[in-house]
1. LYS163: accessible area at probe 1.4 Å, nearest 10 Å²?
2. With a point put 7 Å past each Cα toward its Cβ, work out how far LEU209 is from LEU160 in nm, to one decimal.
3. From the protein chains alone at 1.4 Å, what is the descending order of accessible area for ASP69, ASP135, ASP219, largest first?
4. What's the Kirkwood radius of region 24-79 in Å, using all Cα pairs?
5. Can you send over the solvent-accessible area of GLU53, 1.4 Å probe, protein chains only, in Å² to the nearest 10?
6. Defining a contact as two alpha carbons under 8 Å apart and six or more residues distant in sequence, what relative contact order in percent does region 125-192 show?
7. Quick check for me: using +1 on Lys/Arg Cβ and -1 on Asp/Glu Cβ, what's the dipole size of region 8-137 about its Cα centre, in debye to the nearest 20?
8. Keeping every protein chain present and rolling a 1.4 Å probe, give me the accessible area per residue for region 15-141 in Å².
Amino acid sequence: MQQMMGRMRAAMQRYEMIQPGERVAVGVSGGKDSLALLCALAGLREYYPTPFELVALTVDPQFGGAPADYSQIRELCRRLGVPFVVRRSGLGQLIFEQRKEPNPCSLCARMRRGMLHNMALEHHCGAIALGHHLDDAVHTFFMNLFQGGSIGCFSPKSYLSRKGLWLIRPMIFCEEKEVASVARRYRLPVVKSACPADGCTARQRTKELTARLEQEYPDLKAKVIGAMQRADVDGWGGCPGCPG
């Protein structure tokens with residue numbers, strides 16, 4: 001955990017992710033990435049040079065029409081001293097039963113993001129921390145290249161002008177295997193996704209392709225991240241400009 005927190009601190013400082021006294025919403029899906037992010041931020045809160053507050057926010061799509069059980073995550077948040085808020089929604093039924101979307105992931109992600117943004121505003125947050133790690137950045141880069149023919153990735157830090165919110169990704173220097181190791185070692189209460197499309201997405205296929213490429217180019221991920229930083233792709237070169 002200490003090593004991962006060190007990498008997160010480096011990313012947070014390089015991209016100036018948190019402002020003094022800011023209230024940060026942690027988007028908690030129930031997966032290992034968001035839970036590891038929550039625990040690490042709770043630890044960093046104790047000694048990070050810029051003071052900040054945390055609140056954990058979860059949007060439950062209620063796949064299959066049933067609410068997910070977040071009781072163990074609620075207990076984790078109690079131990080961490082972080083408020084935990086769950087909002088139940090009908091996204092699962094809307095997307096898979098009513099609209100029967102053939103490609104549901106994009107629509108579902110947009111709608112969940114919108115709900116998360118509104119929850120963050122309701123709880124007086126200035127930033128939302130998301131659990132994307134280094135592997136996610138590499139996969140996104142390749143998906144944009146292979147599927148859209150463009151060079152791009154999500155940004156380490158980006159501003160939502162319509163909402164007045166920052167999106168930050170403190171784990172972008174952490175590899176997925178490191179995050180998974182932390183989740184296992186600390187026995188984080190992962191909630192298995194009930195999404196019918198789980199594991200059958202374009203991102204999963206890109207992940208498998210990247211793994212095959214790494215067999216021939218072991219330092220592939222480091223080279224992709226380094227290239228994005230040197231070319232300043234989508235703000236990866238340094239801290240993006242603040243509004244105003």
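1. Estimated to the nearest 10 Å², LYS163 gives 80 Å².
2. For the pair LEU209/LEU160, the computed spacing is 2.9 nm.
3. Details: ASP69 110, ASP135 15, ASP219 70 Å².
Largest accessible area first, the list is ASP69, ASP219, ASP135.
4. 12.3 Å
5. 90 Å²
6. 40 percent
7. It comes to approximately 140 debye.
8. Heavy-atom accessible area per residue stands at 42 Å².
The values are calculated or read from the model by the stated rules, or taken from the named source; none is laboratory data. Computed from a prediction, not measured in an experiment: that's the story for all the values here. Using ideal geometry, Cβ is built from the backbone for each residue, glycine included, and neighbour counts are taken over all protein chains shown. Calculation scope for accessible area: heavy atoms of the full protein, side chains included, ligands and nucleic acids excluded. Shrake-Rupley method; radii C 1.70, N 1.55, O 1.52, S 1.80 Å.
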